Amino acid sequence: MSVSAPADSKDITIKAPDIAENGAVVPVEVTSGIPGTTAIAILAEKNATPLVADFGLMSGAEAYISTRIKMGQTSLVRAVVMAGGKAYTAAKEVKVTIGGCGG
């Protein structure tokens, strides 16, 4: 997914804990209410490698993903959604008490 300047969207929902006890296994769910969603990416902005996951969705697939990610420290978890050739984004802060990337 190649994205430049995605627009903020209230049609993207990120479900993640406010405080993650263990950064090695942070549950994250992303749902896109944007019609024609073709991809969802998850970024943990302060990780050494921010891109955590990138999912391609086939036409007609439900725009929902659920996974567990690794976070080294408190950071914004950002979802980037591609739909209709445009990029949209939303973010949620997750506080990490024990880092999962060697921290």
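Considering (1) surrounded by fewer than 19 Cβ atoms within 10 Å (Cβ to Cβ); (2) in a loop (DSSP other than H, G, I, E, B); (3) aliphatic (A, V, I, L, M), say which one Ala39 fails and leave the rest.
With (1) surrounded by fewer than 19 Cβ atoms within 10 Å (Cβ to Cβ); (2) in a loop (DSSP other than H, G, I, E, B); (3) aliphatic (A, V, I, L, M) applied to Ala39, the lone miss is (2).
Could you list, in sequence order, all residues of segment 82-100 that are surrounded by fewer than 18 Cβ atoms within 10 Å (Cβ to Cβ), among the hydrophobic types (A, V, I, L, M, F, W, C) and closer than 10 Å to Ala20 by Cα?
Ile98, the sole residue that qualifies.
Does any residue in segment 14-32 that is in a strand (DSSP E or B) come within less than 6 Å, Cβ to Cβ, of a residue that is among the basic types (Lys, Arg) six or more places away or on a different chain, and which pairs are these?
Listed by first residue and then by second, the contacts come to Ile14/Lys92; Ile19/Lys95; Pro27/Arg68; Glu29/Lys15.
Filter segment 58-81 for residues that are among the polar types (S, T, N, Q), assigned to a strand (DSSP E or B) and surrounded by fewer than 15 Cβ atoms within 10 Å (Cβ to Cβ) and give the result.
Ser66, Thr67
Okay, residues lined up against (1) of a type outside the set (Val, Ile, Thr); (2) closer than 12 Å to Tyr88 by Cα; (3) open to solvent by less than 50 Å² (accessible area, probe 1.4 Å); (4) in contact with an Asp or Glu (Cβ under 6 Å, 6 or more places away or on another chain):
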{"position": "Ala7", "(1), (2), (3), (4)": "yes, yes, yes, no"}
{"position": "Asp11", "(1), (2), (3), (4)": "yes, yes, no, no"}
{"position": "Ala20", "(1), (2), (3), (4)": "yes, no, yes, no"}
{"position": "Val26", "(1), (2), (3), (4)": "no, no, yes, no"}
{"position": "Leu43", "(1), (2), (3), (4)": "yes, no, yes, no"}
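Please determine, by comparing only the residues of segment 45-57 that are open to solvent by 30 Å² or more (accessible area, probe 1.4 Å) and either out of contact with any Ser or Thr (no Cβ under 6 Å at 6 or more places or on another chain) or touching a residue at least 60 places away in the same chain (Cβ under 8 Å) (or both), which one is nearest to Gly72 (Cα to Cα).
Looking at the filtered set, the residue picked out is Ala48.
The values are calculated or read from the model by the stated rules, or taken from the named source; none is laboratory data. Computed from a predicted model, the values in this text were never measured in an experiment. So basically every Cβ, Gly included, is an ideal-geometry build from the backbone, and we count neighbours across all protein chains shown. Ligands, DNA and RNA are excluded from the accessible area calculation, which covers all protein heavy atoms including side chains. Shrake-Rupley method; radii C 1.70, N 1.55, O 1.52, S 1.80 Å.
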